[in-house]
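Heads up, the thing below is written out as structure tokens.
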Amino acid sequence: MANMSRRNFILSLGTLAGTVALAGCGNSGSKPADSGSDAKKSDYTLVADGKLTVAAELGFAPFEYMDEKTGEPVGFDVDLIKAVAQKMGLEASYLPNQKFDTLVPLVKQGGKADVAIAAITITDERLESVDFTNAYLDSNQAIVVKKDSADTADTLNDASKQVVCQSGTTGNEWITENLPKATCVPVDDVTAALTGVQTGLYAAMVVDLPVASYMLTQSFSDLQVIKEIPTGEQYGIAVSKDQPA
Ligand code: GLN
């Protein structure tokens, strides 16, 4: 698993040069933006001059999380959006932490954030509200339980089992569709959710596999992934349909 996520990172770094340009996602139905990075400054308006204003939920390591020492956002997505901003001659400027399920509506509404990047899976439903850049990373879901738990995906599908997830995520959707009898508990904070699994408040969590792998290794050594779910998701950066450039 660790190897798997490392390989994904290397793959995505390899394709980074080709994908940093803000380009329309193929199946959005709207006219795709140029695939090059040649958007001119006059082609778009920004929330704040000279800045790429970024919205994110900042509790999703290793993609975006707060550096405890500096109080600044760090992680893979943070590096990526800083590189995109630099390429556009701008400085990335993060808004304070936002709830994950508000990110797409925030970009859609306009005026507060130019982009949202937060390991956001490109989905048909979200494409109705916003555009996405080309995908920059492949991902899957994982079911996380305590190491001493006897639960399986089958036994979790029972009303007596509380299965936690981050609200409004693809993990949330997976539980609703695939564990319809379980008691799905959407919460805002992934660390609180994993802590709840640790203390026995919840039987399991469904969350993006790279995040489960990373956070279990870093901080939750008494939890384990019992199932990797090959959802075949891809992350993209959400941009307003009104600002394709
Ligand atoms: N990739 C998942 C989604 O888009 C989870 C993202 C997140 O929690 N930051 O729903």
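Observations on the model:
- With a Förster radius of 30 Å applied to the C-beta separation of D79 and L201, the computed FRET efficiency comes to 0.35.
- Distance between the range 39-87 and the range 216-245 - C-alpha centres, whole angstrom: 17
- Cα gyration tensor shape of the range 187-245, rounded if a/c is under 1.5, else prolate or oblate by comparing a/b with b/c: prolate
- As a rough footprinting exposure proxy, the listed residues S139, S167 were ranked by other beta carbons within 10 Å of their own, and the order from fewest upward is S167, S139.
- Per-residue Cβ neighbour rank within 10 angstrom, fewest leading, L46, L223, L209: L46, L223, L209
- GluC sites (Glu not before Pro) within the range 107-185, DSSP loop, no more than 13 other Cβ atoms inside 10 Å: E128
- In this structure the amide hydrogen of V185, modeled in the peptide plane, comes within under 5 Å of the amide hydrogens of V163, V164, C165, none closer than 5 places in sequence on its chain.
- Cross-link reach is defined here as a Cα-Cα straight distance under 23 Å, omitting same-chain residues fewer than 8 places apart; for K146 the lysines meeting it are K161, K181, K227.
- Extension reserve of the T217-A150 stretch, reckoned as 0.36 nm per residue once the Cα distance is removed: 22.1 nm
- Tensor-based shape of the range 91-208 (alpha-carbon gyration tensor, a/c under 1.5 rounded, otherwise prolate or oblate): prolate
- Under 5 Å between amide hydrogens, built in the peptide plane, is the criterion, and for L52 it picks out E91, A92, S93 among residues at least 5 positions away or on other chains.
- Using θ = phi - 60° and Karplus 6.51 cos²θ - 1.76 cosθ + 1.60, couplings along the range 131-138 (whole Hz; Gly, Pro as x): 9, 10, 5, 3, 4, 10, 7, 8
None of the figures in this text is laboratory data; all of them are computed from the coordinates on show. Bear in mind the structure is a predicted one, so any value in this text is a computation, not a measurement. Every residue, glycine among them, receives a Cβ derived from its backbone with ideal geometry; neighbour counts consider all protein chains shown.
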